[in-house]
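The values are calculated or read from the model by the stated rules, or taken from the named source; none is laboratory data. Worth saying up front: this structure is predicted, and the values here are computed from it rather than measured. Cβ: placed from backbone, ideal geometry, glycine included. Neighbour counts: every protein chain shown.
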């Protein structure tokens, strides 16, 4: 079954004309990314070339996807927009709120019991507004999207940073905040700064123990967590064509960890095979008609340095397995070098837990290859050392893997856990026994993120990212420094054995199968559907519009916190146990910046209340300032807001009276989220000025009343001793974004326009 085939046909029907217009406007051969972008301009056919990294451009995405944790806030905002139905195909997926503990059946039921209020809310809102709803247990949003909705040459946005997974089927798929999703669902243009382009040429072919995951682990080591910021990464070359569609998805998915806007691959035979295997031969038939438009021009790939802003070449023949971490996904170490590096850094070598799955490595191919390693070990009399946890990507993958015996292979591990088709440990939804003790330990997983406390809440858990194949091998050996290419294991007979190279299946030979995929179609007419939100609920809260700007300079602002070092969205708005409050802005605001390190005392969640002189928790001090009518600002370091798309990290400060966030540099999505919520997101003109901010400062905006595109804003710091410093700050606001700020939020403008039309 193909969802929205008529929409896909319409997209493809306009491709030739739009590509022709784009070539004329740009005046040179086009990359795949450019073809997709220019074919989705809000204006229609391109009338001009847009400057990469500078021009703000309005786009018309084909669809929207939301996961349950972010969908709550996105749909609460959409309810304020004054629309009766979404303007583009949209879906919501219940995958984040199910905690992994003992196993799929019990965990799923427990998740439904604990979150029924939220799931019922999402189900009813989806039903009312024409949104497809994927019920708890149906699968992880990005795997479900790949199986059902992604199509070559399309453009989609999603309220999760790993929306980029759909690049595995040749889409431009971009993670955004909920307010961006509201724009598109309300039938408005979606704005994005024209991305720069990074071309990655893959030569050779993967073999042996090396997997698609190792490609992106290598790339992360090259580009770092911010090297892809503001860029689309386009993979090409014979090596790219040799990868499976789900392998391509794995690479695109983890591209979020290098800050990339998205990543993508050109349409090829692997995509044809995957689309056909997942019941979408009709998409293949349509895509084949315009196949030349669904990949970059031959001239581009022949001379990539002329068309990309940066080019990287990786020879897959020479690539070896990697382990990335701990505490950051870009610390890349080839497995052959790991022992020496681990010893030098004091990383714990022994592994108690190994985890396979998440949205990036939960495909049929991944599970089949990992299962082959387990079967080989047992056949050779090796008893696994670690506990193995498995998160299948979707009910379809789980059902098919169960039918074909792969899950039984994993069950041969003592205490193996087959978790729900949900995010689980990847996002901190893991009730790991003993994690509260805070013991120093190591785990290995095929997920993407490994920030401190991310998986199990223990800041001393060293998490390492690897391919599913390496995770399986390390789980058997019980040691992070096990190199399956060279090392042996002792079996129960005392013999030294070597594991065979993994073997698997790109696609199931007997086809995919599923009894119930978990999809709920919306009513054709949802006008009669009632959405009830209890005023006493601690899980859901209807939103009140943020107040417009009064047009005056902000004066007398306090520095709420000066964040030191890495400050991701996990630090700003922690996940894990806080996920349950994602639909209640006031309650979830109690986690605001509690994970950030305060530069003034190098502690977390302890800041000075300048009204009392006493130290308190960050949210409490922010509430005290708000109650007293005192504005506040947040000061931060490099790549502030790295990680998730969660707009709560922008909404919470807005809700608690923070007026501006001033940092050395922003992660893309977070900066946009701040703008959408009517916040000032500023960067230092001189990064050294970070040091000028003192704990007791009063901050005055000198020229905010003249807020205009391209015009720096000046802040006056009044120190406790009466001395002053002037700090010049830059911003990237264009005229429309300044209108958002003036109105109090982008949503306020949407609602006002809907009211006028009514």
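Residues of region 715-742 that are within 21 Å of residue 630 (Cβ to Cβ) and either assigned to a strand (DSSP E or B) or touching a helix residue (DSSP H, G or I) at 6+ places or on another chain (Cβ under 7 Å) (or both): 715, 716, 717, 718, 724, 725, 727, 729.
Quick test for you: out of 583, 641, 636, pick the one residue that is over 27 Å from residue 730 (Cβ atoms), in contact (Cβ under 8 Å) with a residue 24 or more places away in the chain and under 24 Å from the mean Cα position of the chain (by Cα).
On the way: 641 fails: over 27 Å from residue 730 (Cβ atoms); 636 fails: over 27 Å from residue 730 (Cβ atoms).
Of 583, 641, 636, the one residue that is over 27 Å from residue 730 (Cβ atoms), in contact (Cβ under 8 Å) with a residue 24 or more places away in the chain and under 24 Å from the mean Cα position of the chain (by Cα) is 583.
Could you go through region 597-618 and let me know if any residue there is closer than 14 Å to residue 653 by Cα, buried (at least 20 other Cβ atoms within 10 Å of the Cβ) and under 27 Å from the mean Cα position of the chain (by Cα). Within region 597-618, one or more residues are closer than 14 Å to residue 653 by Cα, buried (at least 20 other Cβ atoms within 10 Å of the Cβ) and under 27 Å from the mean Cα position of the chain (by Cα). When 385, 341 are screened for being surrounded by fewer than 20 Cβ atoms within 10 Å (Cβ to Cβ) and either closer than 23 Å to residue 161 by Cα or out of contact with any strand residue (DSSP E or B) (no Cβ under 6 Å at 6 or more places or on another chain) (or both), only 385 passes.
Across region 176-232, the number of residues qualifying as touching a helix residue (DSSP H, G or I) at 6+ places or on another chain (Cβ under 8 Å) and within 18 Å of residue 74 (Cα to Cα) comes to 14. The listed residues are 658, 630, and the only one of them that is surrounded by 20 or more Cβ atoms within 10 Å (Cβ to Cβ) and in contact (Cβ under 8 Å) with a residue 40 or more places away in the chain turns out to be 658. Is one or more of the residues making up region 297-304 surrounded by 22 or more Cβ atoms within 10 Å (Cβ to Cβ) and in contact (Cβ under 8 Å) with a residue 12 or more places away in the chain? Within region 297-304, one or more residues are surrounded by 22 or more Cβ atoms within 10 Å (Cβ to Cβ) and in contact (Cβ under 8 Å) with a residue 12 or more places away in the chain.
Conditions (1) assigned by TED's automatic domain parsing to the domain that holds residue 95; (2) surrounded by fewer than 16 Cβ atoms within 10 Å (Cβ to Cβ); (3) within 30 Å of the chain's Cα centre (by Cα); (4) not in a loop (DSSP other than H, G, I, E, B), marked per residue:
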| position | (1), (2), (3), (4) |
| --- | --- |
| 473 | no, no, yes, yes |
| 502 | no, no, yes, no |
| 512 | no, no, yes, no |
| 527 | no, yes, no, no |
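When you check residue 134 against the structure, is it assigned by TED's automatic domain parsing to the domain that holds residue 261, touching a helix residue (DSSP H, G or I) at 6+ places or on another chain (Cβ under 9 Å), surrounded by fewer than 24 Cβ atoms within 10 Å (Cβ to Cβ) and within 30 Å of residue 285 (Cα to Cα), yes or no? No; evaluated as a whole, the condition is false for this residue. Listed by first and then second residue, the pairs linking a residue in region 521-548 that is within 20 Å of residue 751 (Cα to Cα) to a residue that is exposed (fewer than 13 other Cβ atoms within 10 Å of the Cβ), with Cβ atoms under 7 Å apart and 6 or more places separating them unless they lie on different chains, are 527/84. In the set 477, 513, 473, only one residue is in contact with a helix residue (DSSP H, G or I) (Cβ under 7 Å, 6 or more places away or on another chain), closer than 14 Å to residue 374 by Cβ and in contact (Cβ under 8 Å) with a residue 24 or more places away in the chain; that residue is 473. Residues satisfying the criterion are absent from region 22-39 (criterion: assigned to a loop (DSSP other than H, G, I, E, B), under 22 Å from the mean Cα position of the chain (by Cα), within 28 Å of residue 4 (Cβ to Cβ) and in the same structural domain as residue 143 (by TED's automatic domain parsing)).
Within region 187-207, residues that are within 29 Å of residue 44 (Cα to Cα) have Cβ atoms under 8 Å from residues that are part of a strand (DSSP E or B) and at pLDDT below 95 in these pairs: 191/56; 192/56; 193/56; 194/56, counting only partners at least 6 apart in sequence or on another chain.
The set of residues in region 75-109 being in a loop (DSSP other than H, G, I, E, B) and touching a strand residue (DSSP E or B) at 6+ places or on another chain (Cβ under 6 Å) consists of 88, 89, 95, 96, 103. Only one entry of 247, 279 meets the criterion of being surrounded by fewer than 23 Cβ atoms within 10 Å (Cβ to Cβ) and either under 29 Å from residue 370 (Cβ atoms) or not assigned by TED's automatic domain parsing to the domain that holds residue 172 (or both), and that entry is 279. For residues in region 362-382 being in a loop (DSSP other than H, G, I, E, B) and modelled with pLDDT of 95 or more, which is surrounded by the most Cβ atoms within 10 Å (Cβ to Cβ)? Once the filter is applied, the top-ranked residue is 363. What do you reckon, is residue 730 under 29 Å from the mean Cα position of the chain (by Cα) and over 16 Å from residue 548 (Cβ atoms)? Yes: the conditions hold for residue 730.
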